[in-house]
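Student: Pasting a structure below so you can have a look.
The values are calculated or read from the model by the stated rules, or taken from the named source; none is laboratory data. Predicted model, so just to flag it, every value in this text is computed and none were measured. FYI the Cβ positions are ideal-geometry reconstructions off the backbone, even for glycines, and counts take in every protein chain you see.
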Amino acid sequence: AQSVTQLDSQVPVFEEAPVELRCNYSSSVSVYLFWYVQYPNQGLQLLLKYLSGSTLVKGINGFEAEFNKSQTSFHLRKPSVHISDTAEYFCAVTQTGANNLFFGTGTRLTVIP
Amino acid sequence: DSGVTQTPKHLITATGQRVTLRCSPRSGDLSVYWYQQSLDQGLQFLIQYYNGEERAKGNILERFSAQQFPDLHSELNLSSLELGDSALYFCASSLDRNTEAFFGQGTRLTVV
């Protein structure tokens, strides 16, 4: 069975500081990994995805994530956050050949001016 | 704009009633997913359809049902509504499994 753990439910960070949002997954087979962002009163928007190839994945809005198979992690990073990055971030995993995405419980990123 | 359209955006109804939520996937997408998002349970996968057939089932209650029509739009039917069914219901679509899902703006259901 797959599961996704987002270790931090809330992350406050000052504007222009770096941030890392942590995500660990459990699966005994190959997986595809995703990060989504949800702005207030909106649906989820894809930030980036890992399907195969390079373990460092770059996404929109300056975010990147690194797939670490040995640590079963897919942490999201940004070197310098902006006020507009304040949102809820969801990590998701799907098993190759499976049909549905499993989401973590989300991390609320709050950027402090 | 993700290309996924959900209607209505807001719905207020009484306990015991039945409602239907509608989703139009992105053009060309064959897969439709339904998710429920509530404060206490987070984002829960309900059900997935692919080209008209049910493909996967998650934490969907027996009072809830869904279908995908030949034109690929999908409907989620919620019956005998309870206060605890109040939530945001999201539809997402993807070209196929293992590709990223694109989410609609959601339908906010309030049961009073």
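Student: Quick check on the stretch A:24-41: of everything there that is of a type in the set (Phe, Trp, Tyr) and at the interface with another protein chain (Cβ under 10 Å from one of its Cβ atoms), which residue is farthest from residue A:82 (Cα to Cα)?
Tutor: The qualifying residue farthest from residue A:82 (Cα to Cα) is A:32.
Student: Would you check if there is a residue in the stretch B:61-68 being within 22 Å of residue A:33 (Cβ to Cβ) and basic (Lys, Arg)?
Tutor: For the stretch B:61-68, residues within 22 Å of residue A:33 (Cβ to Cβ) and basic (Lys, Arg): absent.
Student: Follow-up question, since we're still on this one. Within the stretch B:14-24, can one find any residue that is more than 14 Å from chain A (Cβ to nearest Cβ) and under 26 Å from residue A:5 (Cα atoms)?
Tutor: No - not one qualifying residue is present in the stretch B:14-24.
Student: Restricted to the stretch A:1-18, and to residues that are exposed (fewer than 13 other Cβ atoms within 10 Å of the Cβ) and not in a loop (DSSP other than H, G, I, E, B), which residue is nearest to the other protein chains (Cβ to nearest Cβ)?
Tutor: A:3
Student: When the stretch B:18-32 is examined, which residues are found to be in a loop (DSSP other than H, G, I, E, B) and either of a type outside the set (A, V, I, L, M) or at pLDDT 95 or above (or both)? Even if it seems obvious, please write down each step before you answer.
Tutor: Residues of the stretch B:18-32 that are in a loop (DSSP other than H, G, I, E, B), as a first pass: B:18, B:25-30.
The answer is B:18, B:25, B:26, B:27, B:28, B:29.
Student: Among the candidates A:21, A:76, A:44, single out the residue that is in contact with a Phe, Trp or Tyr (Cβ under 6 Å, 6 or more places away or on another chain) and within 14 Å of chain B (Cβ to nearest Cβ).
Tutor: Answer to the selection: A:44.
Student: Looking at the structure I just gave you, is residue B:32 of a type in the set (A, V, I, L, M, F, W, C), surrounded by fewer than 16 Cβ atoms within 10 Å (Cβ to Cβ) and either within 13 Å of the chain's Cα centre (by Cα) or more than 9 Å from chain A (Cβ to nearest Cβ) (or both)?
Tutor: Numbers: of a type in the set (A, V, I, L, M, F, W, C): yes; surrounded by fewer than 16 Cβ atoms within 10 Å (Cβ to Cβ): no; either within 13 Å of the chain's Cα centre (by Cα) or more than 9 Å from chain A (Cβ to nearest Cβ) (or both): yes.
Against the criterion (of a type in the set (A, V, I, L, M, F, W, C), surrounded by fewer than 16 Cβ atoms within 10 Å (Cβ to Cβ) and either within 13 Å of the chain's Cα centre (by Cα) or more than 9 Å from chain A (Cβ to nearest Cβ) (or both)), residue B:32 does not qualify.
Student: Which ones in the stretch B:37-48 are within 11 Å of chain A (Cβ to nearest Cβ) and either assigned to a strand (DSSP E or B) or more than 24 Å from residue A:105 (Cβ to Cβ) (or both)?
Tutor: B:37, B:42, B:43, B:44, B:45, B:46, B:47, B:48
Student: Can you tell me how many residues in the stretch A:19-70 are free of Cβ contacts under 8 Å to residues at least 40 places away in the same chain, of a type in the set (Val, Ile, Thr) and surrounded by 13 or more Cβ atoms within 10 Å (Cβ to Cβ)?
Tutor: 1
Student: Here is a follow-up. Find the strands (runs of 3 or more DSSP E) located wholly in the stretch B:49-104 whose residues include 1 or more that are within 11 Å of chain A (Cβ to nearest Cβ) and free of Cβ contacts under 8 Å to residues at least 60 places away in the same chain, and list them.
Tutor: Correct list: B:53-57, B:87-94.
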